[in-house]
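The values are calculated or read from the model by the stated rules, or taken from the named source; none is laboratory data. These figures come from a predicted structure and were not determined experimentally. Virtual Cβ from ideal backbone geometry, glycine too; neighbours counted across all protein chains shown. Calculation scope for accessible area: heavy atoms of the full protein, side chains included, ligands and nucleic acids excluded. Shrake-Rupley method; radii C 1.70, N 1.55, O 1.52, S 1.80 Å.
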Amino acid sequence: MKILIPAYEPGEKMIQLIMNIERYCDMKILIVDDGSGESYAPVFNKAEEMGCTIIRHAVNKGKGEALKTGFRYIIETGEAEGVVCADCDGQHTAEDICKVASEVQKDKKTAVLGSRKFNGAVPLRSRLGNYTAAKMFSFCAGYEVHDTQTGLRGYPAEMLPWLCKVDGSRFEYEMNILLKMKPSGYSVRETVIKTIYDDRNKSSHFRTFRDTFLVLKPVARFMASSALSGLLDFGLLLAFERLFGRLMPAVILSRGISSIFNYSCNRYFVFKGKQKTIESAPRYFILVFVNMLLNYVILNFILYATGLPLALAKIITEILQFMFSYTIQKKFVFATERVNESETNRSRFPGSVGNKR
């Protein structure tokens, strides 16, 4: 098993981490220099002298691309046990890295997250950012992960070709992995690790507002698609109900038009067109039909049981149906195709490789 460290402008903490790993773990270390520049060459040269393999990006490509470069190299070199990914800024101890490495060997289809509890002296931006990301993720993914932004992750060898295909080049890449893991036939397990923030986490390249947006963007796309479709459905319902004077045709027409719009958004922007239309469209419009019947039944019940105005009754109905619709779309309509266990990835890794000493 290898330890993969994506590194951008690292300091002496990375060298200290390497020394600690050598004391506690009998694993080879692969470092991807993500375009740090000549001024950081002494740090990488020292790491190479200590026995690490170095792969260099000529320019900064982002953490996601650095991880993919490492995964491709490991595939090329025939790693059979898997990989543990760790950050270079001193946030992970060698003991915890070894702990995750031990856990990941237990199941060839399960990733292991080193999850922090965020107790003690943790910077507010990190505590708030992780809490927000975890709650948003759990709400939309349908399962709970306590630390969605942890950089300490273990992946079995079988997952590496799939990991190279996941979208994302920067910090959003690791969130995309979690969002797509279960629909792709893999599972995830968490193990508690120490929470370390030295110097108020100044060495981190995670920019709170910009990168939190990038991390949450995959989740936000679905919510935006649903909101736009809901507004269209809402407006059309009121217009058609006034035009026809009857609820049933108004529900059918408004839901039909807004559903075509929603399908197009989800197909091309939320789930990135991974499913063929011939596969996803029938399932989606079956869901539309079921949702339409439920919408009519629930809306009618609220109107006659409470006497509320149509607009308010419609809002309540949509809130009740939101989670049902999302769960079915995620797990049934646009579910990613299961991974073929015989599939291999032979694409070459970019960049130059330092010699292993």
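At a glance:
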quantity: Selection count where residues are among the small types (G, A, S), at pLDDT below 90 and on the phi < 0 side of the Ramachandran plot, scope region 155-192; calculated: 2
quantity: Cβ-Cβ under 8 Å pairs, at least 6 apart or on other chains, region 297-319 side over 18 Å from S259 (Cα atoms), far side aromatic (F, W, Y); calculated: A311/F234
quantity: Qualifying residue in region 307-318 (condition: modelled with pLDDT under 80, under 17 Å from A227 (Cβ atoms) and assigned to a helix (DSSP H, G or I)); calculated: yes
quantity: Selected residue (criterion: farthest from A313 (Cα to Cα)) from residues of region 217-246 that are among the aliphatic types (A, V, I, L, M) and open to solvent by less than 30 Å² (accessible area, probe 1.4 Å); calculated: V219
quantity: Residue match in region 84-99 (condition: within 18 Å of S187 (Cβ to Cβ) and at pLDDT 85 or above); calculated: yes
quantity: Filtered residue count, region 137-154, keeping only those that are at pLDDT 70 or above and either open to solvent by 10 Å² or more (accessible area, probe 1.4 Å) or farther than 30 Å from F324 by Cα (or both); calculated: 9
quantity: Matching residues in region 91-107 - criterion: being part of a loop (DSSP other than H, G, I, E, B) and either crowded, with 21+ Cβ neighbours inside 10 Å or without any contact (Cβ under 8 Å) to a residue 60 or more places away in the chain (or both); calculated: Q91, H92, K106
